[in-house]
Amino acid sequence: MNLYERAQAAKQATPSPAPPVQPYPIAPVPPESPSVTPSPSAAPSPGSGFGYATSPRPNETAKLSARAPAPGPMPRTDAVGRLKVNAVETLFERLGTRLNDANLDEAALQTMVLTELNQVVEESKIPLSSAERKRLIREVQDDVLGFGPLEPLLGDPAITEIMVNGPDKVYVEENGRLRRVPISFDDEDHLRRVIDRIVTRVGRRIDESSPLVDARLADGSRVNAIIPPLAFSGSTLTIRKFSTDALSVPDLIGLGTLSTEMAELLKACVNARLNIIISGGTGTGKTTLLNVLSSFIPSADRIISIEDAVELKLQQDHVVRLEARPPNVEGKGEVTIRDLVRNALRMRPDRIVVGEVRGAEALDMLQAMNTGHDGSLSTVHANSPRDALARLETLVLMAGMDLPLRAIREQVSAAVDVIVHLARLRDGTRRVIGLTEVHGMEGQTITMQDIFAFDYSAGVDANGRFLGRTIPTGVRPLFADRFADLGIQISSRVFGANDTWTPRR
C-alpha cells in the first residue's frame, strides 16, 4: 500500500466531528411542567444541554399544540368585512362625484349604486349566503348613499339627538338622557364622507377654509358639523332630529309640555295677533313649540318664515319660506337673516315668523312688530322671561345703531306682548314653565307679570319625575280686553276661575 492509499484509509477510520449547533434562546416551559434536574453522570450532548434549545417532550408537545392557533381558512365574517370595504372603495372610484350630485333624484342614484354593487360582488368570487348578501348590500348602501353607522340611530324614533365626537365616540339623547352607543366609524375619512354628503345635498360646503357649517337633513333635522383644525379631537357632528310628523297641541298636552288651559290661551293670543317670543335654553323645544303656535295662524294669512336653516313645518298653504345663505369660497354672496327680514317687509306679509333671533336682525324685527306687522312669532335663547328681554336689548345693540337704552327698551316693551318660556328639567322632560305678559315701561324698567308659572312644590315621584305642572297665577292679563274687541271667547278656567268670564270693554 503506497503512501496515498494509507492516508485515505486513515482519513476514513477517523470519525468526523459533529457540526456545530448555533445556540438560541431557551423555549419557555409551561408553569405546570415539572422541573428536570440533569443527572451529573450524564454528559451534555448537543441539543440537550444548557444553552441549547431542547426538543419538547411528548406531553409538552401536546400542550403547545393546544395553545397554538390552528391554521385554517379566514372566517367568513372577515371575508365579508373585507369585501364591504373593497366594495365601498370601488364604488367611490367608479361613481366619483355623481354620488353627491344634487341633480340626481334618490331613486336613480340607488339604482345606479345597486347595479355597480352587484357587479362588484360578482367579481369578488366570494361565496355569500342570502342573508350575508342582503346585509352586505344594505351596509354598503348606507355607507355610499346614506349616513353609514348613523342610519339605525336616525331611524329610531326614541332618539332625539345624535352627537359624534370623532370617529370612535357616538352619543345619543333618548328620553332626555345622554348615553354612549356602541357604534363607530371606520376612520376619520369615513366620518368626513358622511359629513360631506350631508352638506353638499343642501348646497353647503365644509373644508379647511370653511371648517364649520349648519345644514339640515331631508326630514328637516338640524345638523351642525365642525372639522379639524378647529375640532382638535376629530370631526364633530351634531344632529338634532325632528319628528317626521309635526307635533300637535294634543301631543304636547300628552307629553306634559303644555296644559289644556295654556294651549287655549296661546291659541287666543295667536288669533288676536299678539307678538309672541318663545324663550328657553338649548334643546328645550323652542322650534317645536313655534311649529305648534304657527298652526293656530288662520289659513287666509300670508306667512313669511325666515330661518338660518329651514326647520319649520308650517301647515298652511300660503307660506313663503326664506333661508339665509353663508358666503362662498371668495367670502362673497352672504345673505343674512337681517337682509331677509328687511326684504320680507316688502313682500306684503300678514305674519312674519323668524326661526331664531340671534343677531342684529332683532332691531328690524322689533321695528316690523311696531309698524303694523302684528302677530309675529320668533324664538330667542334665554334663561328666563326677564333675561329674554335683556337679550333682545343686547341683540339690538349689535345692529351698530347708537341708540339710548331707554329707546331700545321702549321698542321692546311696545313690540313684545307675550313671552313663553321653556325649560328642560332634571328629569329630562321639556315643559313650558312660564307664560308672561309684557306690560310696558315704568321709569327705566320694563314691567311684566306672570300668567302661568310652574309649581315646583309638588316634588318628584319615585323615578325622579316632577309631579308639578304649570298652573295659572290667577292674574287676568291686560291683553284679555283685546280678545273681547275681536270676539274671541275663552273659558274662565284659563285664569283659574270657576265661573264664566267675559273681558270688560
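The values are calculated or read from the model by the stated rules, or taken from the named source; none is laboratory data. Just so you know, these numbers come straight off a predicted model, no measurement behind them. Cβ coordinates were reconstructed from backbone atoms using ideal geometry, including for glycine residues, and neighbour counts include every protein chain displayed. What goes into the accessible areas is simple: the full protein's heavy atoms, side chains included, and nothing from ligands, DNA or RNA. Shrake-Rupley method; radii C 1.70, N 1.55, O 1.52, S 1.80 Å.
Summary table
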{"quantity": "Some residue of region 180-192 being surrounded by 14 or more Cβ atoms within 10 Å (Cβ to Cβ) and under 26 Å from Asn291 (Cβ atoms)", "calculated": "no"}
{"quantity": "Unique residue being of a type outside the set (Val, Ile, Thr), touching a helix residue (DSSP H, G or I) at 6+ places or on another chain (Cβ under 6 Å), modelled with pLDDT under 90 and open to solvent by 20 Å² or more (accessible area, probe 1.4 Å) when the list is Leu314, Leu255, Leu322", "calculated": "Leu314"}
{"quantity": "Criterion violated by Arg222 - all others in (1) farther than 30 Å from Arg325 by Cβ; (2) crowded, with 16+ Cβ neighbours inside 10 Å satisfied", "calculated": "(1)"}
{"quantity": "Flag for Arg358 being open to solvent by 60 Å² or more (accessible area, probe 1.4 Å), free of Cβ contacts under 8 Å to residues at least 12 places away in the same chain and at negative phi", "calculated": "no"}
{"quantity": "Elements of type strands (runs of 3 or more DSSP E) in region 191-284, at least 2 residues being hydroxyl-bearing (Ser, Thr, Tyr)", "calculated": "236-240"}
{"quantity": "Subset of region 271-286 (residues that are modelled with pLDDT of 90 or more and out of contact with any strand residue (DSSP E or B) (no Cβ under 6 Å at 6 or more places or on another chain))", "calculated": "Asn271, Ala272, Arg273, Asn275, Gly281"}
{"quantity": "Residues being within 25 Å of Arg431 (Cβ to Cβ) and of a type in the set (Lys, Arg) - total across region 372-416", "calculated": "2"}
{"quantity": "Single residue of region 343-355 satisfying the filter (within 22 Å of Leu397 (Cβ to Cβ) and not β-branched (Val, Ile, Thr)) that is most open to solvent (accessible area, probe 1.4 Å)", "calculated": "Leu345"}
{"quantity": "So Ser299, is it open to solvent by 20 Å² or more (accessible area, probe 1.4 Å) and of a type in the set (Gly, Ala, Ser)", "calculated": "yes"}
{"quantity": "Residue in region 302-311 that is of a type outside the set (Phe, Trp, Tyr), open to solvent by 10 Å² or more (accessible area, probe 1.4 Å), touching a helix residue (DSSP H, G or I) at 6+ places or on another chain (Cβ under 8 Å) and touching a residue at least 60 places away in the same chain (Cβ under 8 Å) present", "calculated": "yes"}
{"quantity": "When residues of region 229-284 are limited to those that are charged (D, E, K, R) and in contact (Cβ under 8 Å) with a residue 60 or more places away in the chain, the one nearest to Arg465 (Cα to Cα)", "calculated": "Glu261"}
{"quantity": "Filter result for Leu289 (open to solvent by less than 40 Å² (accessible area, probe 1.4 Å), touching a residue at least 24 places away in the same chain (Cβ under 8 Å), in contact with a strand residue (DSSP E or B) (Cβ under 8 Å, 6 or more places away or on another chain) and assigned to a loop (DSSP other than H, G, I, E, B))", "calculated": "no"}
{"quantity": "Members of region 327-342 found to be open to solvent by less than 50 Å² (accessible area, probe 1.4 Å) and either among the basic types (Lys, Arg) or not in a loop (DSSP other than H, G, I, E, B) (or both), listed by number", "calculated": "Val335, Ile337, Arg338, Leu340, Val341"}
